[in-house]
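Have a look at the structure below before the remarks.
Each reported figure results from applying straightforward, stated rules to the coordinates on display, with no laboratory input. Keep in mind that what you see is a predicted model, and the values were worked out from it rather than measured.
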Amino acid sequence: MDNPFKKILTNQELPEVLKKKVLNDVAMIKLSIDMADLFVVKYPSAIGDLLTGGGTDEVEAKKKEDKLNNTEDEE
């Protein structure tokens, strides 16, 4: 396959078709990275939280602590 960038002269603009292809390729790469992140990092973490109780105990403890700190500040 020929390199299409070698066909372009320095004083000419890129053809719209070529710009569109490059931008589509970049978008596809970004989508692939996002999908990999979702299924490799976030999904296992979510399943782990779900199976271990979801970490709700820490959230509730933090809320209670904040509530206690706010009432102590008011006094």
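Straight-line reach from LYS19: taking Cα to Cα under 25 Å and skipping same-chain neighbours fewer than 8 places apart, the lysines in range are LYS6, LYS7, LYS30. Annotation: extensible slack from ASP49 through ASP66 equals 3.8 nm (criterion: 0.36 nm per residue apart, minus Cα-Cα distance).
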